[in-house]
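Everything below concerns the one structure shown next.
The values are calculated or read from the model by the stated rules, or taken from the named source; none is laboratory data. Note that this is a predicted model, so its numbers are computed, not measured. Cβ: placed from backbone, ideal geometry, glycine included. Neighbour counts: every protein chain shown.
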Amino acid sequence: MQLVTPTLATVLTPTPTPVVTYYDVSTGERVELSGVTLANWVAKVANLLVDELDAERGTRIRIGLPSHWLRTVWLLGAWRIGAVVTDHDAQIGLSGPELEADEPVRLAASLRPLGGRFPTEPAGFLDTAIHVPSSPDVFVDLDPPTPDDVALDLDGRTTTHAGLLAAAPLTDRVVREPQSLAHDAADLVAALAGGGSLVIVAGAEPADLDRIAQQEHARLDDRRR
């Protein structure tokens, strides 16, 4: 039997256990994504990118979102098709509600609770809350990435699929405050590779972090990035 070398297109397992839990203390929002739910979102993003936006392996995508559950969805959606997540020279740009993008293809996420839409689809942008849910939830790889394909091109540094997967896996449940895209990407891959789980908490004071860590039975990590 031929062994399949893992890539970031195959590292997500559709398990019923939580992979990403997101809190926004300022709004009271809590979103939990199991492996099954996350895989469904990722397939929809991948289908939108390929079927509607003509993206393919090697397409450069800028994800201009803060630490948020949607950031994890779009990271995995990009990697699912073999796209490069970058901060420059992108063909497709994803913006948050500030609508800052100058790429040829422009998407925007309102970041409203539960993935809500903009009141009106912004001129010149595709509202992800409209176009992602209507995409098919099964994605068929026609040109899957290889371990040597570039997954990240951020801050002047490139990292391949194999490079991200070579880092130490995360085997437990850990609380994270908002951090850089590169760090979120590394944490996400580590959690998927090790069967761990991320609790991303935005807008928190130290007491909030303690409370949420206890509620979520998670380890409170004191890193500051």
So in the stretch 74-128, with the set limited to residues that are modelled with pLDDT under 95 and of a type in the set (A, V, I, L, M), which one is farthest from Pro14 (Cα to Cα)?
Ala101
Could you go through the stretch 173-185 and let me know if any residue there is in contact with a strand residue (DSSP E or B) (Cβ under 9 Å, 6 or more places away or on another chain), part of a loop (DSSP other than H, G, I, E, B) and free of Cβ contacts under 8 Å to residues at least 40 places away in the same chain.
no
Any residue that is under 23 Å from Pro119 (Cβ atoms) and surrounded by fewer than 21 Cβ atoms within 10 Å (Cβ to Cβ) - is there at least one of those in the stretch 33-50?
no
Taking the stretch 135-162 as the region of interest, how many residues are among the small types (Gly, Ala, Ser) and either free of Cβ contacts under 8 Å to residues at least 12 places away in the same chain or under 13 Å from Val85 (Cβ atoms) (or both)?
2
Enumerated strands (runs of 3 or more DSSP E) restricted to the stretch 60-142, each holding at least 2 residues that are small (Gly, Ala, Ser)
92-95
If you go through Leu8, Leu38, the only one that is under 21 Å from Asp184 (Cα atoms), assigned to a loop (DSSP other than H, G, I, E, B) and of a type outside the set (Lys, Arg) is Leu8
